[in-house]
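First the structure, in the form of structure tokens, and then the observations on it.
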Amino acid sequence: MIRTASLKAVGILLLFFPAFFFPTLVAAQSSEVGPAFTTVPELKQGFTLMYEQRFAEAQSIFIGWAAKNPEEPFGQVALAASYLFEEFDRHQVLSSEFFLNDKRFLKGIEGKPDPERIRHFQEAIALTRRLAAARLKKNPHDSDALLSLTMAAGMQSDVASILEKKDIEALKRLKEANEYAKQLLVQRPDANDAYVALGAANYLIGSLTTGERMLLWFGGIHGDKKLGMQQLQNTINDGRYLQPFAKILLALSAEREKQYELAQKYFAELTKEFPSNPSFAFEYNKAMGRPVPALMHP
């Protein structure tokens with residue numbers, strides 16, 4: 001069994017697409033077009049607000065869009081993502097302080113998650129699952145449903161591992177997410193946002209100790225830091241809703257590898273794209289080696 005440290009080390013990369021147990025799959029691209037695979041202005045606005053840390057506004061957008069599209073699971077999984085990002089922001093998970101500190105990263109957050117926010121998250125996840133299951137009954141190859149289920153299980157694994165420290169539950173959800181992701185990539189090899197998870201997985205697994213990598217190797221999981229950073233770049237080049245997330249992960253990975261110019265580049269771009277998010281300016285100045293005051297979090 002994968003030990004706790006290894007599970008926590010890969011937990012963060014499951015935020016959206018935890019598909020790293022399998023080799024790249026090649027299949028004919030589906031002609032199906034849904035909100036997860038097109039740029040829907042309302043959804044794009046919601047994700048932008050989320051990256052700007054304007055979580056209540058993002059949630060309002062997602063709730064409104066989901067109400068107008070009640071059969072679409074992607075609206076609910078986007079809403080769940082906004083609650084998870086808000087809780088991650090509260091605990092500074094997507095930061096150099098957390099991400100680059102191996103001891104803290106492997107241990108998970110200090111303290112406990114907000115119970116009300118987690119309740120809202122789980123309610124959105126439950127509805128995502130119901131809507132996706134209904135669509136899969138009609139079409140077992142429904143790409144939007146598979147992507148939504150992949151995201152749902154992956155985020156539940158994050159909550160269990162990073163926020164609640166329930167490692168058995170996290171491993172269960174990780175395996176479930178992997179199965180959905182397998183099916184997704186067969187149907188939609190053009191799902192460029194998925195590379196954010198493949199890249200993060202390759203990088204993070206490649207960064208583990210030799211012993212941890214051996215345990216994962218026996219489970220068929222391999223890591224390559226260089227390949228991982230290239231895959232994150234794929235999402236940056238061609239991603240839709242998760243491009244900023246890929247920039248965050250690649251910038252933090254670049255800092256670990258002492259590739260400071262690359263980290264500076266993407267934190268500068270994030271700062272320009274999301275000026276109301278002080279975290280990006282903070283990380284940019286930190287990457288530049290400038291003195292920075294501590295960020296204030298509730």
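Read-outs throughout are calculated quantities, based only on the coordinates presented, and are distinct from any laboratory measurement. Here the structure is a predicted model, which means the values were calculated and not measured. Glycine also receives a Cβ, built like all others from the backbone with ideal geometry; neighbour counts cover every protein chain displayed.
A few comments on the model shown:
- Linear extension gain, Lys258 paired with Lys103, 0.36 nm per residue minus alpha-carbon span: 53.9 nm
- Projected area averaged over orientations for region 87-127, convex hull of C-alpha atoms, nm²: 3.2 nm²
- In this simple spin-label model, placing a label point 7 Å from the Cα along the Cα-to-Cβ direction at both Lys68 and Met288 gives a separation of 3.9 nm.
- Efficiency of FRET between His141 and Lys166 - r from beta-carbon atoms, R0 35 angstrom, step 0.05: 0.65
- Projecting the Cα atoms of Ala160, Pro140, Ile125 onto the charge dipole of region 116-161, computed from C-beta unit charges around the Cα centre, puts Pro140 farthest toward the positive end.
- Environment charge at Gly228 (Cβ cut-off 12 Å; Lys +1, Arg +1, Asp -1, Glu -1): +1
- Amide H within-cut-off set for Lys166, under 5 Å, with H built and near neighbours excluded: Ser161
- Remark: region 112-118, residue by residue, has Karplus-estimated 3J(HN,Hα) of 10, x, 5, x, 5, 5, 5 Hz, where x stands for each Gly or Pro and the curve is 6.51 cos²θ - 1.76 cosθ + 1.60 at θ = phi - 60°.
- Residue-count net charge about Ile248 - beta-carbon cut-off 12 Å; Lys, Arg +1, Asp, Glu -1: -4
- Here, region 234-277 has an Rg and a Dmax of 10.2, 28 Å when only alpha carbons are counted.
- Loop-resident sites, region 88-187, for GluC sites (Glu not before Pro), counting at most 15 other Cβ within 10 Å (DSSP): Glu110
- Modelled FRET efficiency - R0 25 Å, Glu57 with Arg130, Cβ distances, 0.05 increments: 0.45
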